[in-house]
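Down below is the structure, laid out as structure tokens.
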């Protein structure tokens, strides 16, 4: 990351129960079918789960988050979200790159995720990061939309 990179001004840290109201707010701003506070409370308790926040500076409300699991040699990206007022600054990329670095440190050799075919912005981001489409889950989302299965080999 270079010093002129806008994302360089942000910090990424582990979320705590005290952060969940802000996480749920971001979730509701971002997703049509958001997770509940209870869903995030469960994520915080799971050993395999990581919930990381992106903040402009210490003590400020988060402007993004990423939720993922590390299970043996695989990272499963669950959610990545950024505040709509801070989009197109490379923040989601920064969160995903931090997830990949964390996973590599834990011995992960691949990343998997599901994404809506209609989510063109996310698909473009994943493509630029090297993810490849490896399958499709018909009717995966509650509204009936399929999910594209993406994979990134970290070896």
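So here's what we get for this one:
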{"quantity": "So residue 74, is it in contact (Cβ under 8 Å) with a residue 24 or more places away in the chain and within 22 Å of residue 28 (Cβ to Cβ)", "calculated": "no"}
{"quantity": "Test: residue 37 is without any contact (Cβ under 8 Å) to a residue 12 or more places away in the chain and either surrounded by fewer than 19 Cβ atoms within 10 Å (Cβ to Cβ) or on the phi > 0 side of the Ramachandran plot (or both)", "calculated": "no"}
{"quantity": "Within region 40-70, considering residues that are out of contact with any helix residue (DSSP H, G or I) (no Cβ under 8 Å at 6 or more places or on another chain) and surrounded by 14 or more Cβ atoms within 10 Å (Cβ to Cβ), the one nearest to residue 101 (Cα to Cα)", "calculated": "69"}
{"quantity": "Subset of region 1-34 (residues that are at pLDDT 90 or above, loosely packed, with under 11 Cβ neighbours inside 10 Å and within 19 Å of residue 91 (Cα to Cα))", "calculated": "14"}
{"quantity": "Any hit, region 130-143, residues being touching a strand residue (DSSP E or B) at 6+ places or on another chain (Cβ under 8 Å), buried (at least 16 other Cβ atoms within 10 Å of the Cβ), free of Cβ contacts under 8 Å to residues at least 24 places away in the same chain and farther than 22 Å from residue 13 by Cα", "calculated": "yes"}
{"quantity": "Matching residues, region 71-86, being at pLDDT below 95, touching a helix residue (DSSP H, G or I) at 6+ places or on another chain (Cβ under 8 Å) and farther than 21 Å from residue 16 by Cβ", "calculated": "84"}
{"quantity": "Options 93, 85, 104; residue that is out of contact with any strand residue (DSSP E or B) (no Cβ under 7 Å at 6 or more places or on another chain) and closer than 15 Å to residue 27 by Cα", "calculated": "85"}
{"quantity": "Pairs with Cβ under 9 Å, 6+ apart, first in region 83-105 and at positive phi, second outside any loop (DSSP other than H, G, I, E, B) and modelled with pLDDT under 95", "calculated": "88/121; 90/6; 90/7"}
{"quantity": "Residue among 152, 125 that is assigned to a strand (DSSP E or B), surrounded by 15 or more Cβ atoms within 10 Å (Cβ to Cβ), on the phi < 0 side of the Ramachandran plot and at pLDDT 95 or above", "calculated": "152"}
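The values are calculated or read from the model by the stated rules, or taken from the named source; none is laboratory data. What you see is a predicted model, and the numbers here were worked out from it, not measured in a lab. Glycine gets a Cβ as well: all are built from the backbone with ideal geometry, and neighbour counts include every protein chain shown.
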